[in-house]
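First up is the structure itself, then whatever we jot down about it.
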Amino acid sequence: MTIQSDLDRQARDILRGNDRGGYTVPTAGLYPYQWNWDSAICAFGFATFDVPRAWSELESLLSGQWDNGMVPHILFHKPDPGYFPGPDVWQGIGPIPSSGITQPAVAGSMVRLVYERDPDAGREVATRLYPKLRAWHRWFLDWRLDSRGAVCSTHPWEAGRDNTPEWDRQMERINPEGVGEYTRRDTGHVDPSMRPTKFDYDRYIWLVQLGARLQWDPAALNAASPFRMADPTMTFLLLRAHRDVLWLGEALDLETDGLTDEIAQLEKGADSLWNPVLASFDGRDAFDGSFAGCISNASYLCWWAGVGRPEQAKHYAKVMEQVQYGLPSYQPDGPHFDSRRYWRGPTWAFINMLAGMGLAEAGLTKEAALLRETTRALIAENGFAEYFDPLDGSPAGGKSFSWTAATWLAWASPSAEEA
Ligand code: GLC
């Protein structure tokens, strides 16, 4: 057996091992439930060897949709006392016990990619999922846009990049008084130096308590919450998913009213995240309009969204010279860089994949190939970790991680390139 096919086998085993019956957990122990964007990426991985299983992943994710259209960031299908904060803290109001926030809208793009693998077999299920995707995207447009049309994150966990330095200033302004005593579970599973600090965690929990008190009413939350950041991850991924939903609507001959105008609106929102001082896409404080001043791996999702700029490609060239492997989650020459602490430096394989697919589509083929090659080497040499140190490739966070395995199968493996 070649090394490559052995890695393909390991990746499939990880996805199967993390399968809890129709949905996949990110990794056993640390993350024992279904996470939104993880699950969408898993579907893409499953589609390389089991298309029906890819569909059941997407169906189970969307089965947690709330009446108002929101699709939660965690679905607590079965109780697991080893996780905090669990359903009792979140008090989600949907059909399945859940968290009260969402995560970046990747699912629409993955529905399209899975459908494209086998359109005949996928027509019925894609038709069933289409109105759910429309309702979820509608919810973003109704409740998460700032005055310039960019998509906002109302909790650091909502953007999926928990402790990126982009949030630091708003986090400092939050006084987590009354948060009470709680026991973190994450630091029992992995080294605390690879995780967010207590300063951050107190504020994460305080924001969850605020949302639960307001019964997750989006209008009340918008009025009361001190955390609201216009975010490149959420904006670029929703814009891309909206394009893919339009594509699906046309392919399936379904109603697509309003989608073209909404795409134009989101394009404006995406452009508004351009920080002219940095000459890069950046997070922006939705209250006072000030930019965070950070070049993150989300900045490079602009091509995936179809709004890439040549100036961003210049940063790409520079940043890739500063690291050995993949895109760092925060610029290595910035004051907050920490090569092993989560979203403050480490490289995340699935973001590399989305950025790489975007670069390829935009015709930046050399850049796309470099990202794929270094991510391939990263995983081949260091395994299927949650994330990695971009300087030396050493693995960090949880092990046997689903979206790293899915990224390998769908994009990083040589077999993906041949497919
Ligand atoms: C962490 C990540 C988030 C991910 C989750 C499960 O909270 O920051 O993006 O969805 O873990 O893997």
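Just a few scattered comments:
- Averaging the sequence gap over all C-alpha pairs within less than 8 Å and six or more residues apart, then dividing by the number of residues, gives the chain a relative contact order of 18 percent.
- Burial order of peptide ranges 396-403, 206-213 (average beta-carbon count within 10 Å, highest first): 396-403, 206-213
- A simple rule links phi to the HN-Hα coupling: the Karplus curve 6.51 cos²θ - 1.76 cosθ + 1.60 with θ = phi - 60°, which for the range 173-186 gives 6, 7, 9, x, 4, x, 5, x, 7, 8, 10, 5, 9, 4 Hz, with x for Gly and Pro.
- Residue-normalised accessible area of the chain, expressed per residue, 1.4 Å probe, Å²: 36 Å²
- Remark: C-alpha extents of the chain on the principal axes read 57, 47, 44 Å, sorted largest to smallest.
- Cα gyration tensor, the range 1-55 - rounded (a/c under 1.5), prolate or oblate: oblate
- For the range 376-407 and the range 187-210, distance of Cα centres in Å: 22 Å
- If the Kirkwood radius is taken over C-alpha pairs of the range 208-291, then at 25 °C and 0.890 mPa s the Stokes-Einstein diffusion coefficient equals 164 µm²/s.
- From the largest down, the range 222-267 spans 43, 20, 16 angstrom on the principal axes of its Cα atoms.
- Cα gyration tensor shape for the range 308-357, rounded if a/c is under 1.5, else prolate or oblate: oblate
- Peptide ranges 17-23, 137-143 listed from the most packed, as the mean C-beta count within 10 angstrom indicates: 137-143, 17-23
- For SER98, distant residues with modelled amide H under 5 Å away: PHE76, GLY92
- Distances between placed amide hydrogens fall under 5 Å for SER280 paired with ASN275, all partners being 5 or more residues away or on another chain.
- Euclidean distance of C-alpha centroids, the range 218-241 and the range 17-38, integer Å: 25 Å
- Label positions at ASN222 and ASP80, each projected 7 Å from the Cα along the C-beta direction, are separated by 3.4 nm.
- Protein accessible area in the chain, 1.4 Å probe - carbon and sulfur %: 50 percent
- Accessible surface of LYS78, taken over heavy atoms with a 1.4 Å probe and every protein chain present, rounds to 110 Å².
- With contacts taken as Cα pairs under 8 Å and at least 6 residues apart, the range 236-293 reaches a relative contact order of 22 percent.
- Dipole-positive endmost among ILE96, LEU141, PRO85 within the range 65-156 (Cβ charges, Cα centre): LEU141
- Ordering of 180-189, 95-104, 365-374 by packing [mean C-beta count within 10 Å, highest first]: 95-104, 365-374, 180-189
- Gyration tensor verdict on the range 61-196 (Cα atoms; rounded if a/c is under 1.5, prolate if a/b is larger than b/c, oblate otherwise): prolate
- The 3J(HN,Hα) values that the Karplus relation (6.51, -1.76, 1.60; θ = phi - 60°) gives for the range 328-335 are, in residue order, x, 6, 8, 4, x, 8, x, x Hz. Gly and Pro appear as x.
- Using the Cβ-Cβ distance between LEU252 and GLN324 with R0 set to 45 Å, the FRET efficiency from 1/(1 + (r/R0)^6) comes to roughly 0.55.
- Among the listed pairs LYS198/LYS314; LYS78/LYS399; LYS198/LYS268, those with a Cα-Cα distance over 27 Å are LYS198/LYS314; LYS198/LYS268.
The values are calculated or read from the model by the stated rules, or taken from the named source; none is laboratory data. The structure displayed is predicted, hence computed values, not measured ones. Please note: Cβ atoms are built from the backbone with ideal geometry, for glycine as well, and neighbour counts cover all protein chains shown. Ligands, DNA and RNA are stripped out before the accessible areas are found, and what is left, the full protein with its side chains, is counted by its heavy atoms. Shrake-Rupley method; radii C 1.70, N 1.55, O 1.52, S 1.80 Å.
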